[in-house]
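Working notes, structure below.
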Amino acid sequence: MALSRHIKPEHLLQESQDKKSHLHALTKTDSNKIVHSYASRYGTAPIPKYHIPSKGTSADSAYQIIHDELSLDGTPLLNLASFVHTYMNPACDKLMHENMSKNLIDQDEYPMTQIIHERCISILADLWHAPSTHQAIGTATTGSSEAIQLGGLAMKRIWQEKRKAAGKSIHEPGPNIVMGANAQVALEKFARYFEVECRLVPISVESKYRLDPKKAMEYVDENTIGVYVILGSTYTGHYEPVKEMSDLLDEYEKKTGIFVPIHVDGASGAFVAPFATPKLEWDFKLPRVVSINTSGHKFGLVYVGVGWIIWRDKAHLPKDLIFELHYLGSVEYSFSLNFSRPAAPIIAQYFNLLHLGFEGYRAIALDDFKNARLLSRALEKSGYFYVLSDIHRSLEGLVNTAKVASGYDQEDIESYQPGLPVVAFRFSDDFQAEYPDIQQKWIQTLLRAKGWIVPNYELAPDLEKVEILRVVVRENMAEALIDKLICDLMEITEDLCKKDSPTHSLDILGHHLTSHRKHQGKMEKGSGTGNTCGDKNSGTYAKAC
């Protein structure tokens, strides 16, 4: 008899509970309530899961209940899928706790907090070589997603103003924005939410899984509000060539007279490149770059909750996007999608900028790259994996066997191809040919059993048939953890290769069982409302529905 595929665990729990001798509708055990065996020492009755309890419980009991449930979460240290930072100096932890209740928007109430906010903007503008830190303008955001929306809105509004001034329509055919198909979903959100045609440039192996500037020019026209160029692809960590894109747009402007700006999505890279590869041209040194965003909670080394966007000068932020406020005690200005926001992460960002300084950020970045290179080389030397990211590969002509043999410094970051400290890898061609039944997604599952969180996902169109595993090497991913990860990867992979291993057998069994019903449980093409749900992937790894 086949097992039901629609068993509800809560019904199983309800039916399996001890039954009281005198059942009553009001007193029988309910699986929709939280019951903790040792919560009785606090005098706690079962608590409803999905509606507010009629009577509250003690703080100690509430803490214990929530604490126990959260223990099922993964360990942030072992979450190698995320770019988000998970460690801060205890002194900064204390500072954040002291300022947890402050709202950044209350400028009149917390003037010193606002001054710290402005200092951070000036520091970032200077770090990214704005023409004048006094003329640069920016704001903290809840993250890069909000910052990207603001950067796109400013470009759209400026395009609209130019079209109106020229007596042209802003509706037919309407604005468009160009970006690589590898763009993070936040970039596509801007286009969809603010009614801008999203022109995704296909990626290829030759383009290093990122935006190809020459191909991007095929998508640019007089209605292009700007080009999103990503300093650190979410998929593989590659930097997109901002300078090359800028040069091509310069040539286009000479031919057509049309100015197309660049917004640099530096969610991760804008806090890496200035310190690790300061010679790289990507920021406001290029006049075509009008705005840059970054995530303080990624390689800015702050806990989650802060992003930044800086415009090269006030001319590139239309005044009608700035709101003047009079009801908080003084005249204040706001140009963000979100209104209230916690001040603590901004204060934490300032702490890092003061505490670490340029040398501190550089030391952490160089250590991240050293560990990422170690992981990359070990994976490739195993023969089991091929590494798609390039930060362990030398710049052409700079490193060769003779130089290494003569004592060449392999730790010189300038000798390697620039990118994020990210390691993207897949099964090697030889391994796949020898073991065609082994599915790469099992690596993710079996690593999770050991505590590691390493995602396995498809590349962007037109390489969606290629699956990759990805490790983000953050500050707390020390060499000892790299060593342990490699050991676990080798053990898991070699166990899968054994014909008599349980994991290999389960893999093959699952492959045969699902081959005839691989479409079950998926939305059929065109089955959703409109033309998004269940249809072709929109471009990013976060599908439309």
Grab the Cα-Cα distance for Leu321 and Glu195, subtract it from 0.36 nm times how many residues apart they are, and report the gain in nm with one decimal. 43.7 nm
Which ³J(HN,Hα) values, rounded to whole Hz and listed in residue order, are derived for the stretch 458-463 from phi using the Karplus coefficients 6.51, -1.76 and 1.60 in 6.51 cos²θ - 1.76 cosθ + 1.60 with θ = phi - 60°, glycine and proline given as x? 7, 6, 6, x, 9, 10
So between Asp93 and Glu494, what do we pick up on full extension, going 0.36 nm a residue minus the alpha carbon distance? 140.2 nm
Here the stretch 240-291 gives, from Cα atoms, an Rg and Dmax in Å of 11.9, 37
Other-chain or far-sequence residues with amide H under 5 Å of Ser389's (modelled H): Ala424
On the formula 1/(1 + (r/R0)^6), with r taken between the Cβ atoms of Asp126 and Tyr219 and R0 of 45 Å, the FRET efficiency rounded to 0.05 is 0.85
Three semi-axes of the equivalent ellipsoid, the stretch 68-181, Cα gyration tensor, whole Å, largest first: 36, 23, 15
Can you give me the % of accessible surface on the stretch 93-352 that is carbon or sulfur? Probe 1.4 Å, all protein chains present, nothing else counted. 54 percent
Going highest first, how would you order 85-98, 296-309, 132-145, 446-459 by mean Cβ packing within 10 Å? 296-309, 132-145, 446-459, 85-98
Ranked output for segments 228-236, 106-114 by mean other Cβ atoms within 10 Å, highest leading, reads 228-236, 106-114
Over 22 Å (Cα to Cα) among Lys162/Lys319; Lys8/Lys49; Lys189/Lys255; Lys279/Lys370; Lys381/Lys498 -> Lys189/Lys255
Ile364: net charge of surrounding residues, Cβ under 12 Å, Lys/Arg +1, Asp/Glu -1, itself excluded? -1
Report the accessible area of Glu491, computed with a 1.4 Å probe over the heavy atoms of all protein chains in place, in Å² rounded to the nearest 10. 100 Å²
Quote the convex hull volume per residue of the stretch 93-352, based on C-alpha atoms, as a whole number of Å³. 128 Å³
May I ask you to list the residues of the stretch 337-381 whose amide nitrogen lies under 12 Å from a point 7 Å from Cα along the Cα→beta-carbon direction of Arg119? 347-355
Given points 7 Å out from each Cα along the Cα-Cβ axis, report the Leu395 to Asp108 separation in nanometres with one decimal. 5.4 nm
Note, Glu172: beta-carbon cut-off 15 Å, +1 each Lys/Arg, -1 each Asp/Glu, net -1
I need the peptides 343-354, 188-199 ranked by packing, meaning the mean over residues of other C-beta atoms within 10 angstrom, with the highest value on top. 343-354, 188-199
Net length gained if the chain between Arg448 and Ala478 were fully extended (0.36 nm per residue, minus Cα distance): 8.9 nm
Where does the stretch 134-198 land on Rg(C-alpha)/(2.2 N^0.38 Å)? 1.24
Within a Cβ distance under 12 Å of Val466, other residues only, what is the Lys/Arg minus Asp/Glu net charge? -3
Which residues does a label at Lys243 reach in the stretch 266-308, if reach means a backbone N under 17 Å from a point 7 Å past the Cα toward the Cβ? 270, 273-289
Across 5 Å bins from the origin, how do the percents of Cα pairs in the stretch 95-141 run, short distances first? 5, 21, 25, 21, 14, 11, 4, 0
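The values are calculated or read from the model by the stated rules, or taken from the named source; none is laboratory data. Keep in mind the model is a prediction, meaning the values are calculated, not measured. Reconstructed Cβ throughout: ideal geometry from the backbone, glycine too, with neighbour counts over all protein chains shown. Please note that ligands, DNA and RNA were not included when accessible areas were found on the heavy atoms of the full protein model with its side chains. Shrake-Rupley method; radii C 1.70, N 1.55, O 1.52, S 1.80 Å.
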